[in-house]
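What follows is a single structure, written as structure tokens, with notes after it.
What follows draws every value from the coordinates through simple rules; no lab data is involved. Being a predicted model, the structure only gives us computed values, none of them experimental. A quick note on method: Cβ atoms are made from the backbone with ideal geometry, for glycine too, and the neighbour counts reach across all protein chains shown.
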Amino acid sequence: MKLIIAEKPDMGRAFAEFLFKNQVTQKTKDYITCGDMTVSWAFGHILEQFQPQDYDEKYKSWDEYIFPNPWKLKIVPSAKAHFKVLSELINKADEVINGGDPDREGQLLIDEILHYVNYQGPVKRVLANAKDDDSLKRAFNNLEDNTKYKRLYQAGLARQRADWLIGMNVTRAYSTASRSAGYYQTFNIGRVKTPTLALIVQREHDIKNFKPIQYYVLKGLFTKDNITFPAIYKANEDIQTDSEGHILDKSKLLLLSTRLDGKPIQVDSVTTKDGKTEPPLPYSLDTLQIAANRIYGLSPQTTLDTLQELYEAKYTSYPRSDCNYIPTAQHEDVDKIFKAISGLNNGELTAAISKADKTISSKAFNDKKITAHHAVIPTGVTPKDLKPTQKQIYELIAKQYILQFYPSCEWKKTEFTISIENNTFAGSGKIITTPGFTAAFKLTDTKEDTDAPLPPLTEGDVIPEGVFVVEDKETKPPKRFTEGSLIKAMANIYQFLPKDDPARYKLKEVKGIGTPATRSTIINELLSTKSGSRAITPFLTKEKKELVPTSWGEQFISVISPSLTTPKSTADMEVILSDIESGNSTLEDYMLSITNLVNENIDYAKQVKFPKPASGGNNEELVHCPFCDNGVLQKKKAKTSNRYFYVCNNRGCVNPLSGKTQFYEAGAKGPIIEHCPECNSLLNYIKGKFGPFWSCSNPDCKKTYNDNNKTPDFTSKKRKTAN
């Protein structure tokens, strides 16, 4: 029997629909069979890493650290029944085809199942970038030996184990070390999440510490052949500038502008060059997320979810792609894809298709640039009944694909200098000579900039007229990240390294930190106010579209070792993962480096001086326990109701008067702490049979008070206690 294992049920059904077209099949909830071939599937990861306590009960304690050897996996509880059937199919198979998604995670996901059941037979690999028949035919006609992708599996395994070691051990180290300083939050450390947060925190610091610089520009407005054009004065040795070339003395420019009035003006040099701009490449997931966020304000997660829906409906290719190129063989699909796009009855798209030249093969068609994926493009299936967001995303993808069949935009650029009494002004002008792809759509993301027109200029020309204006300028602070620009920063992390850093070029090759599939999840986790049903303090908030670190997020980064927060340190890990894929490094070497990193951070956490906690649950101001010096009041949710309360995070803390754990009612801004006017002891908020009331926690007092909207009413008649 030949067994094909897809990553998810929908892909398994697509495989079966293609392979068993018009044939009698046997279907169950776990597989589909036709003749001697069976298609089954996983549900994403149906195996998971052991938890620390699964190795040994002692690891339940957060004071213990763990470095598994050997590493162990267990079946995800919800998948046990399916896994039993799948393992039986594997054991019966003469050959298995790994049908995981065409990326590192897809390779790992299926290979780890085969290793878990100790399958020893031959394994092939199918790389399906879309679910339409043309794409699946191409994929199954080009099966490869799965051993070719062993290094991809090892890179996935390295990523998985590194995330586990850092997440489990370093989280424990900082969380336990911070308790004595009054922290009750969990220091959730992530290999990618932590440096991503650090980018935003650093940007916020840069903005807060930014001091604008006032500078000045002398602009000349020159007229020749009835055409007025600008040029900017270039400071000579008589005019002092700062390190950025800014002129800071306005008076000197004003004096110069007066002195230049009426003086002879001559063109000193003219350089004209022809150039062209090629159509923008088709989208990868991250470039699509960036565009959708900027144009439509869609979050990266919404874009990914929508793209997944389009992919499952067979309208677009594989969504989690980090590639912007298309295999050359797929150039022949243009007729089918154009027909599918035209079926939308979108006049703008149809008009653009009618003017496209299907013989053009843009630079996007390049086999050498293809990895396991290709760019996100439409398939030959016409979309039907698209929801508004699906329509927006599909049309973005369709437009970018159509542009591949348009010529380059051609332009002519002229750069010139003008001299006036040994003072130089410089300017340029650019005109579009052939619009090419920029004329495809009225509102396109790819319009070429054009300058104001220039008159014919030749070296030695005399300019008859000039007007001089001094303009006030001010340097601007860097912009806060949006979700779109943060995705771009994560994908281009090399830009945050110094230009002379030798690692910069290598980091550009590995395409940043995280993967296209995980970056939106990471941003969501940083914004999250809940972990399961538990309220947590978010690391980030959003102000309109801008991402702003909370006080907790800033404090978190301030105490974590730079080995986990700087772009270079984490990007270096991505470089090694890439090297494992290419055979230039090994799983063993990587795990040794991660183990050393974890141990260094455990030691660092024990020595770091934690500042006073800045904020508590839900970003509220922390309230220290009235009874013990080190405790703070921690927000918790009642197990039996949708009710929140506060309690000291010091488990041994009790009210010395009652000898019991003291609980505090949750208010809108934190715990409600009220004192008895008779003895100054804490009051307890009690929901009684006849409504809420307040009762003194001092057994010798026992005074009670009526409640007025979660505030004790000390003015009205005191409530009688029940006998």
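Computed values, structure above
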{"read-out": "Calculated from backbone phi, Karplus (6.51, -1.76, 1.60) coupling profile of segment 165-181 in Hz, x at Gly/Pro", "value": "4, 5, x, 6, 7, 6, 4, 4, 4, 6, 5, 6, 5, 7, 4, 5, 8"}
{"read-out": "Label-point separation, Ser551 to Asn345 (7 Å along Cα→Cβ), nm", "value": "5.7 nm"}
{"read-out": "Those chymotrypsin sites (Phe, Trp or Tyr not before Pro) in segment 631-713 that DSSP places in a loop and that have at most 13 other beta carbons within 10 Å", "value": "Phe690"}
{"read-out": "Two-site FRET efficiency, Asn366 against Gln51, from Cβ-Cβ distance with R₀ of 51 Å, rounded to 0.05", "value": "0.70"}
{"read-out": "GluC sites (Glu not before Pro) restricted to DSSP loop in segment 96-192 with at most 15 other C-beta within 10 Å", "value": "none"}
{"read-out": "Label-point gap, in nm, between Thr541 and Cys628 - each point 7 angstrom along Cα→Cβ", "value": "3.0 nm"}
{"read-out": "Fewest-first ranking of Glu395, Glu543, using other Cβ atoms within 10 Å as the exposure measure", "value": "Glu543, Glu395"}
{"read-out": "Net lengthening on full extension, Leu255/Thr277 (0.36 nm per residue, minus Cα-Cα)", "value": "3.7 nm"}
{"read-out": "Proxy reagent accessibility, fewest Cβ within 10 Å first, across Met168, Met1, Met11", "value": "Met1, Met168, Met11"}
{"read-out": "Estimated FRET transfer efficiency (Asp94, Ser428; beta-carbon r; R0 60 Å; 0.05)", "value": "0.30"}
{"read-out": "Theoretical gain in end-to-end length, Asp335 to Ala181 [0.36 nm per residue, Cα-Cα removed]", "value": "48.8 nm"}
{"read-out": "Whole-Hz ³J(HN,Hα) from phi, Karplus 6.51 cos²θ - 1.76 cosθ + 1.60, for segment 28-35, glycine and proline x", "value": "10, 6, 10, 6, 10, 10, 9, x"}
{"read-out": "Gain upon complete extension [Lys208, Thr521; 0.36 nm per residue less C-alpha separation]", "value": "109.9 nm"}
{"read-out": "Neighbour-count ranking [beta-carbon atoms within 10 angstrom, fewest first] of Val462, Val548, Val632", "value": "Val462, Val548, Val632"}
{"read-out": "In nm, spacing of pseudo-spin labels at Glu17 and Asp713 (7 Å Cα→C-beta vector)", "value": "6.5 nm"}
{"read-out": "The chain shape via C-alpha gyration tensor axes, a/c threshold 1.5", "value": "oblate"}
{"read-out": "Cβ-derived FRET efficiency at R0 22 Å, Gln301 paired with Asp385, nearest 0.05", "value": "0.45"}
{"read-out": "Residue among Cys696, Met168, Tyr394 farthest towards the positive dipole end of the chain, charges placed on Cβ", "value": "Cys696"}
